[in-house]
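Here's the structure, in structure tokens; my notes come after.
The values are calculated or read from the model by the stated rules, or taken from the named source; none is laboratory data. The shown structure was predicted, so the numbers you read here are calculated from the model rather than taken from an experiment. Cβ placement follows ideal geometry from the backbone for every residue including glycine, while neighbour counts extend to all protein chains displayed. With ligands, DNA and RNA removed, areas are computed over all heavy atoms of the protein, side chains included. Shrake-Rupley method; radii C 1.70, N 1.55, O 1.52, S 1.80 Å.
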Amino acid sequence: MLRRLTPVLLTLLVVVLGVTALAARPDTGTPRRTADYVVLAGVAGLRWDDVDPQTTPTLWRMAEQGSIGSLSTRSAHRPTCPVDGWLTLGAGSYAAWNGSRQQDGCPPVGVSVEQPDGIGANLPDQEGVVRHNQDRLPWGAVPGSLSESVRCSVAVGPGAAVAAARPFGRVDRYAPALPEDPAALLGSCVLSVVDLGTVTGADPATRKADARRADAALARVLAARPPRSMVMVAGISDTESPARLHVAVADGPGWEHGWLTSASTGREGYLQLVDLAPTALTALGRPLPERLFLGRPAVRVEDRPDDLATAIAAPADADREAGAQRTVAGWFFALLALAQVALAVAVLPLLRRARRLAGPHSPPPVSRRIVATVELLLVAAALAVPAALLADAVPWWRGEHAGLWFALVTVALIGAATALVRFAPGHERTLGPLGAVAGLATLVVGADVLSGARLQLNGVVGYSALEGGRFSGLGTVGLGVFLAGSLLSAGWLAQRVRRGWRPMVVVAVGGLAVVVVGSPYLGSDPVGAIALTAGVAVTAAISTGGWLTVSRLVWATMAGLALTLGVAVVDLRRPAEERAALGRFLAALGDGTGGLTVHRASTTNFETLVNSPLTVLALVGALLVWFALLQPWGGLMRLFGIYPAVRAAMAGTAVAAVIGGLLGGSALDVAGAAGALVVPMAALASLRVLDHSTDRTQPGAGRQRGDGPGGPPAGDAPDGDSAGGEADEGAEGGGTAGSGRTRTAAGTDDAAEADRADRDGARQRPGERGPAARDAAVPAARASGDAVGASTEATTP
């Protein structure tokens, strides 16, 4: 009875761990009313390297006494041009100006501003822009939502008019340029939006001149600001491709000397452009629109350095790193894909010749030196992504040739990690390299997540703040590597214990991994936690043997659904502005706007599938597994038969990677990152298993369980299992899995038998049979009473 209830209890345990991890939310501070007036001043193109005490003294003093951060100016157009930035500011969501424009540039866009009465203004194109964003773009933005949330607003300059125009095009109060004394204008409405100009070009002298003019205009704004007001200066957009990080400074009551952050980024010192509208309304104590902004109100956090020069060095350095990451990441993943393809081609002939056949016409075995070299290359390929993550601990982006420095650091780390695996204890065993690589990858990614995921932010294998999709926690590539490493580690550890304990080991390791992935304090990836829960359930269900049957797949699906429902119930009970992505999606389904989220996810999946180099990694890995490793000569079926816990881990990894990618909008990226780790290790383990395929080592007929690794005497009830509890799984020294389908004569525990066969195979010379393989088959068959004549046959495909 207890044996039948074990899958149920373990599934419930994983679900409880996941819900507990996802239920708690970090306290980032409660936004509250801090001002009677808000002035939003925008400078298109303004970056932190434009700010210094000599060129921008006013902004420097404002930053010294206020709170600062890096602003990601993502909009519905790439790059975010000035008109898109102003429109996104007014919408509180990703928006873009209509009309045909090149995707990679910012040509001038004429914005028509009419002043029929000399008080306000009218934008005749606004209604068409609103329809374009509602009907043609996937974000459902409503330009003018910010101004619609207040009774009266002021716009100074054409860019500000785009931000302050209501959805039907009306600007309440408008001035084409900033007056010499703007006090009356800024005090006429609770919300003012001011266009301070543009900083553009690559020439330092030109940028300094533009920044100096913007700073002079800012000085007039600060001199005329209303009492008890908050002033926020933002580098509202890019001015050319590629995208960059920009300035964000807030000054006023409650914003003294800190970092800016928001719930949309979850990272100190980072804001999004869509956060500015909810920040303004929250500071004024006004309710947010019924259709929620995508952004979240900014808050101030402590621990900013006292010296401003030291403080702004961090966002300026982050901008340089993000810019270098964009270029380096493309060729890194392209080279990784090429390397994996080359290794797949190199492994094929080794797999065909790895199994030694009987008779005079058997082809000569491959040189052990060649095999050892290929094994080291497979280990290096599997460790490439963790090494690239660690490379961001070294500031390679500060050098003149950033890509070269990154390559040197990464190659050095790959070499060191490969040497560590090579000389680790147990490397000679079949599963030795697999366990070491899986553990090392899990340790690297897990340590980064536990320390704040600082290596993933703007990292080559992490996520970029320029993209605006994620600023904290576990990224797409990190998720793939972590779930593959943690499940393989769980399978490797489970294979070393008795059959009955394997599900417990898998749940213990997998449950901790679910907490790391899903906790808002750590990985902050609820979708990844749900996918990993399904993977853990699959792994635990088949770790004792057997394949992925319908009932076991149902248990995995139920575990994922139970975790999803538990998290959803907890999330929906929170206030609307505090909900995570899952709660916002379910709320959108309730009010009829969930279709936009589904449309965005499907669009993102398709674009990622077509454009990402990780798709190539996923497809190459799948082709190698299906057309080579799973063939009778490929060795993977034999590996699965001998080591059922490893088979379970690989099946669970496949399930988790596919679910995590599709639900997370990253298509095959998670599977590609997982495959970059799993496929080389599967190939290496298959090579080693085929190398021992002619071994026939059997336990002594009269040996007791405690006498050695052979297990119980012949005739005793086995603790282990044949393949899946059926007849396709044997110990490495005793039979083939998926081909000969023989069982060990004594029916011993498969973990102990495989370990013993590993040791025997490691001591023998190439082409030589195991110690007991010469004449053990027939006596063993008699001792067990198992009429398996196939145990005396060569295990040819």
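Taking Rh as the Kirkwood radius, which is the inverse of the mean 1/r over Cα pairs, what is the Rg/Rh value for the stretch 126-219? Could you put the intermediate results ahead of the total?
Working: Rg = 15.7 Å, Rh = 14.8 Å.
Using Cα coordinates only, the ratio equals 1.06.
Compute the semi-axes of the equivalent ellipsoid of the stretch 63-142, taking the square root of 5 times each eigenvalue of the Cα gyration tensor, and list them largest first in whole Å. All intermediate terms of the calculation are to be shown ahead of the outcome.
Details: eigenvalues 104, 76, 35 Å².
Ellipsoid semi-axes (Å, largest first): 23, 19, 13.
What order do R688, R368, R502 take when sorted by accessible area (1.4 Å probe), most exposed first?
Numbers: R688 25, R368 110, R502 0 Å².
Sorted by accessible area, descending: R368, R688, R502.
Across the stretch 255-266, in residue order, what do the Karplus-derived ³J(HN,Hα) couplings come to in whole Hz, using 6.51 cos²θ - 1.76 cosθ + 1.60 with θ = phi - 60° and x for Gly and Pro?
10, 7, 6, x, 9, 9, 8, 8, 5, 6, 9, x
How do M681, M650 stack up against each other in accessible area, from largest to smallest, with a 1.4 angstrom probe? Let's see the in-between values first.
Numbers: M681 0, M650 25 Å².
So, going from the largest accessible area down, we get M650, M681.
P(r) for the stretch 367-431: what percent of alpha-carbon pairs falls in each 10 Å bin, starting at zero?
That works out to 21, 43, 24, 11, 2, in percent per bin.
What does the accessible area of E375 come to, in Å² to the nearest 10, when a probe of 1.4 Å is used?
Estimated to the nearest 10 Å², E375 gives 20 Å².
Relative contact order of the stretch 194-261, please, whole-number percent, based on alpha carbon pairs below 8 angstrom and at least 6 residues apart.
Averaging sequence separation for qualifying contacts and normalising by length gives 25 percent for the stretch 194-261.
By average Cβ neighbour count within 10 Å, what is the ranking of 416-423, 483-490, 160-167, 108-115 from highest down?
Details: 416-423: 16.2, 483-490: 31.0, 160-167: 28.1, 108-115: 13.6.
Peptide ranking by packing, descending: 483-490, 160-167, 416-423, 108-115.
Any chance you could look up the accessible area of R320 with a 1.4 Å probe, heavy atoms only, rounded to 10 Å²?
Spelled out: R320, probe radius 1.4 Å, area about 110 Å².
With a probe of 1.4 Å, find how much accessible area the stretch 39-171 has per residue, and write the answer as a whole number in Å².
Values: 4540 Å² over 133 residues.
So the stretch 39-171 comes to 34 Å² accessible per residue, rounded to a whole number.
May I ask you to evaluate 6.51 cos²θ - 1.76 cosθ + 1.60, the Karplus curve with θ = phi - 60°, for each residue of the stretch 649-662 and list the ³J(HN,Hα) values in order in whole Hz, giving x for glycine and proline?
5, 5, 5, x, 5, 4, 4, 5, 5, 5, 5, x, x, 5
Counting only protein heavy atoms, what percent of the accessible surface of the stretch 35-80 is carbon or sulfur at a 1.4 Å probe? Before the final figure, lay out the partial values.
Working: 500 of 1190 Å².
C and S fraction of accessible area: 42 percent.
Evaluate E = 1/(1 + (r/R0)^6) for L512 and S367, where r is the Cβ-Cβ distance and R0 equals 41 Å; express this FRET efficiency to the nearest 0.05.
Working: r = 42 Å, r/R0 = 1.03.
Efficiency at R0 = 41 Å is approximately 0.45.
Percent of Cα-Cα pairs more than 18 Å apart in the stretch 234-282, please.
Numbers: 381 of 1176 pairs.
The answer is 32 percent, as a whole percent.
So for E180, E467, what's the accessible-area order with a 1.4 Å probe, most first? Show your work: numbers first, answer last.
Numbers: E180 150, E467 90 Å².
Largest accessible area first, the residues go E180, E467.
How large is ³J(HN,Hα), in whole Hz, for each residue of the stretch 223-236 in order, when computed from phi with the Karplus curve 6.51 cos²θ - 1.76 cosθ + 1.60 and θ = phi - 60°, using x for Gly and Pro?
Values per residue, Gly and Pro as x: 5, 9, 4, x, x, 6, 10, 10, 10, 10, 9, 9, x, 5 Hz.
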